[in-house]
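Report on one structure; see the data block that follows.
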Amino acid sequence: MLRRIVAAFTVPVVLSVVSALPAVADDSPLVDPIPEKPVSSGLAVTLDEVATMPKSDTNPPTTDQRLRRWARINYVSELPDGSGRLAVPDLNGKLYLLKNGQPKEYLDVGAVAGADFFNNRGLGTGFGFVAFAPDFRQSGRFYTVHTENGGALTNKPADWAQPNTIEQSVVWEWTATDPTADTFTGTHREVMRIGFSGTLHTIQQISFNPTSRPGDEDYGKLYLAVGDGGRGVTSNDPQNLAIPHGKLIRIDPAGTNSANGRYGIPAANPFVGRPGALGEIYSYGYRDPHRFSWDQWTRKLYLGMIGEHAIEAIYDIKPGDNAGWSQREGPFVFKSSDRCYLYPLPANDADFGYTYPVAAYDHDRPPNLSCTADSGHAVIGGFVYRGRNIPGLFGKYVFGDGVDGKLFYTETSEMSRVANGDRATIHTLSILDRSGKVVTMQDLAGDTRVDLKFGTDNAGNIYLLSKANGKIWKISGLVPRPDVTQSLAPNVVAHYDFDHPVLNNPALERDLGEGGTNIQLINGGAASRVQDGSGLAFQAQQINPTVNGNDDWKAGTYSATGVPTLLQFNHTQAMTIMGWVKVTGPNPSPNSNSANPDDYFGAVALMGVLSGDSDGHTVRGLLELIKVDGVMKLVALGRRIDGSASQTFAATQDWHQLLPDNQWVFLTATFNYNDGTMTLYRNGEPVPGAYVVQGDPWEVSTGNPPYFTSATNPRGIKIGGGFPQNTREDNPCNCRFDDVMYLNRVAQPWEVRAQYTLTRRDFS
């Protein structure tokens, strides 16, 4: 079940590592359940800031840093009354209405709940959600869900409760005396109360179907996403049709035929009349059904479920569906006895009738992270854009990752429920600030933990929210990303413009590519960012030529076990390295490893990807200045097989002419490991040259094609010098770098020219 990889343009695309590896045996654990990663769309959204919500705190104060946010805002919706007012619930207790960007307190749910109100432990505790009835203008009715503990656990019996309940999710119906008022007055009543044995995965969302109309069977029916309370790993609760835990339920708030008499059970619900099953259940088999929404055109219901071990998934939900948890996590077998791995589906999987995601991505845990630790990923379901103002976004389902704030979309035309069919390609969306510069949600939120949420209004606009700083933005436009040619964007594994320090650690540079391989600005740290090029550039340089002190300024990353985020260069057929370089001092540099003052390094390191067995020097692909027959040359140097021979393609022209002092130059090297060819480019044009090694050092004329590099993850990236683990000084470059990119295919000549043309305005 591999999802499709769709290219933006018709260009040759090299097969990924996945297609060339042998199939995994049915009983073998899956090390990387979804090898296909989200691909860049080459598109960026523009955002308009709508509001900053009032600061709020838990009561009592919490020591959990994940809950110490500016405001724990959870959603944005528009009241269905034509007033244009936006509703924003804050988990810390208050419901706000937004008019013209100004928040006003409408109702304090926490204060009404009183001493039992619970919001200081667990990510979802507090006042979680609000849903306005479709006839709110006439009826004044709306619904909220909040959590309680304390005296409520003994004095307020739950309609259903897990063993050892420690909190309850409570659904209330409110009736406003004046629906047009901006401050609530009126009454409320309890609709239901569900007990949970944990502070995670309670009732996450409540909503009415906005696509239903008066007279439709679904009109006025309230959907509630009920989590498993954290018990799904060790119990059968999500599969147990006698309880609501781990289910999407649907009720009629105007009815009375429920067990507690406070709501109705719609007759069309799929389990009505089944012995031992709750009639309220609409679909089941969920861990944390965090967010759901309807496509205004197709009326399909999409639900985002946060995973346990590895899988973040989007489902197209129909009545009676079973998403499989906890027998399945996404489209894989989950075993409670093995928290570290998922397993392939059995041959008879169709017999179980599970429904699998239409889109999904996995966690790609760092190798040093425990398999049961929080990997820092949580899918946040969003919306299909059906607004009128952004044609390029029309029909795209926009969603994201709540922790790091990455934005994604899938095409609704690809989100197929076909059994064992391909999942939809997940594309990443970049973000532009007001100056047109690429930024991230972490930049906008001012925190590495964004706590991203989504909202919408009645016109179909999509809103982004961050708990980190309490801000709300509206997506206002969609444009080509200004720094990457769109046809290349899906293949950019790593990209560094040196304008994006990792928050709270300016010695690290954030990767703007799809891999997420942050690199270290070694020795120089933040001081090695200089104002030049497209904004800030990276200054590499030799610091003390007379002392071997490992103090040269360079950049990169290294892991002796391989860097997992560079997986796309594992068993690959091709690579491209490109970036802007500016010589700022004498090169090559005096050899600080030698006592001879007349000894100079024999090379000048520019940009490279290390091999899978590298000691910090050996590469899979490299742009470098190196001596060829005693003469320094600009070269592309590549190695297909770890431990085997390399090939060098050397430029004919004098390197000083190719890289004149104090002048920005755009260099590119392509490596086709399948046919053994390399190409050099300068400022978008091919550079004449010749291969240095005679014969077939890459061994592409023996065996059966196609040919790939070794099936090992590269051990790192180096820029401006060797040994990115900083254990040795080697081949330092006195130069600056900007917009350095590593791609997992051969860039075509027209694409190299296009990338040069696109970015040269910043380097002239």
Inset, instruction - Would you be able to say whether some residue in region 374-393 is at pLDDT below 95, assigned to a strand (DSSP E or B), assigned by TED's automatic domain parsing to the domain that holds Ile314 and acidic (Asp, Glu)? - result: no
Inset, instruction - Look at region 638-663 and say how many of its residues are assigned to a strand (DSSP E or B) and over 33 Å from the mean Cα position of the chain (by Cα). - result: 7
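Find the residue count for region 273-310, including only residues that are part of a loop (DSSP other than H, G, I, E, B), of a type in the set (A, V, I, L, M, F, W, C) and over 16 Å from Ser326 (Cα atoms). Talk me through it step by step, then tell me what you get.
Of region 273-310, the ones part of a loop (DSSP other than H, G, I, E, B) are 273-280, 285-287, 295-300, 307-310.
Retained after the next criterion (residues that are of a type in the set (A, V, I, L, M, F, W, C)): 277-278, 297, 310.
If we keep only those that are over 16 Å from Ser326 (Cα atoms) too, we end up with 277-278, 297.
Count: 3.
Per-residue answers, yes or no, for (1) touching a helix residue (DSSP H, G or I) at 6+ places or on another chain (Cβ under 7 Å); (2) basic (Lys, Arg); (3) assigned to a strand (DSSP E or B):
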position	(1), (2), (3)
Ala690	no, no, yes
Arg728	no, yes, no
Pro732	no, no, no
Phe737	no, no, yes
Thr759	no, no, no
Legend entry - Tally of residues being buried (at least 24 other Cβ atoms within 10 Å of the Cβ) and assigned to a loop (DSSP other than H, G, I, E, B) across region 543-569: 2
Inset, instruction - Only residues that are in a loop (DSSP other than H, G, I, E, B) and either under 18 Å from Ile380 (Cα atoms) or touching a Phe, Trp or Tyr at 6+ places or on another chain (Cβ under 9 Å) (or both): list them for region 447-478, please. - result: Asp447, Thr448, Arg449, Val450, Asp451, Asp457, Gly460, Asn461, Lys467, Ala468, Asn469, Gly470
Inset, instruction - Kindly indicate whether Gly232 is in contact with a helix residue (DSSP H, G or I) (Cβ under 9 Å, 6 or more places away or on another chain), among the small types (Gly, Ala, Ser) and either part of a helix (DSSP H, G or I) or more than 30 Å from Asn461 (Cβ to Cβ) (or both). - result: yes
Inset, instruction - Could you figure out which of (1) surrounded by fewer than 18 Cβ atoms within 10 Å (Cβ to Cβ); (2) in a loop (DSSP other than H, G, I, E, B) isn't true of Ser592? - result: (1)
Inset, instruction - Give me the pairs, please: first residue somewhere in region 507-521 and more than 17 Å from Lys406 (Cα to Cα), second residue anywhere and acidic (Asp, Glu) and surrounded by 23 or more Cβ atoms within 10 Å (Cβ to Cβ), beta-carbon distance under 7 Å, and either six or more positions apart or on two chains. - result: Ile519/Glu509; Leu521/Glu509
Legend entry - Subset tally (residues that are of a type in the set (Ser, Thr, Tyr) and either free of Cβ contacts under 8 Å to residues at least 24 places away in the same chain or surrounded by fewer than 20 Cβ atoms within 10 Å (Cβ to Cβ) (or both)) for region 724-762: 2
Inset, instruction - Go through the residues of region 713-723 one by one and say whether even a single one is of a type in the set (A, V, I, L, M) and crowded, with 24+ Cβ neighbours inside 10 Å. - result: yes
Legend entry - In region 129-160, residue surrounded by the fewest Cβ atoms within 10 Å (Cβ to Cβ) [restricted to those that are part of a strand (DSSP E or B) and of a type in the set (D, E, K, R)]: Arg141
Legend entry - Selected residue (criterion: nearest to Ser764 (Cα to Cα)) from residues of region 515-528 that are surrounded by 21 or more Cβ atoms within 10 Å (Cβ to Cβ) and either touching a helix residue (DSSP H, G or I) at 6+ places or on another chain (Cβ under 9 Å) or charged (D, E, K, R) (or both): Leu521
Inset, instruction - Could you tell me whether any residue of region 177-191 is touching an Asp or Glu at 6+ places or on another chain (Cβ under 6 Å), surrounded by 16 or more Cβ atoms within 10 Å (Cβ to Cβ), in the same structural domain as Gly304 (by TED's automatic domain parsing) and of a type in the set (Lys, Arg)? - result: no
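The values are calculated or read from the model by the stated rules, or taken from the named source; none is laboratory data. This is a predicted model, so every value here is computed, not measured. FYI the Cβ positions are ideal-geometry reconstructions off the backbone, even for glycines, and counts take in every protein chain you see.
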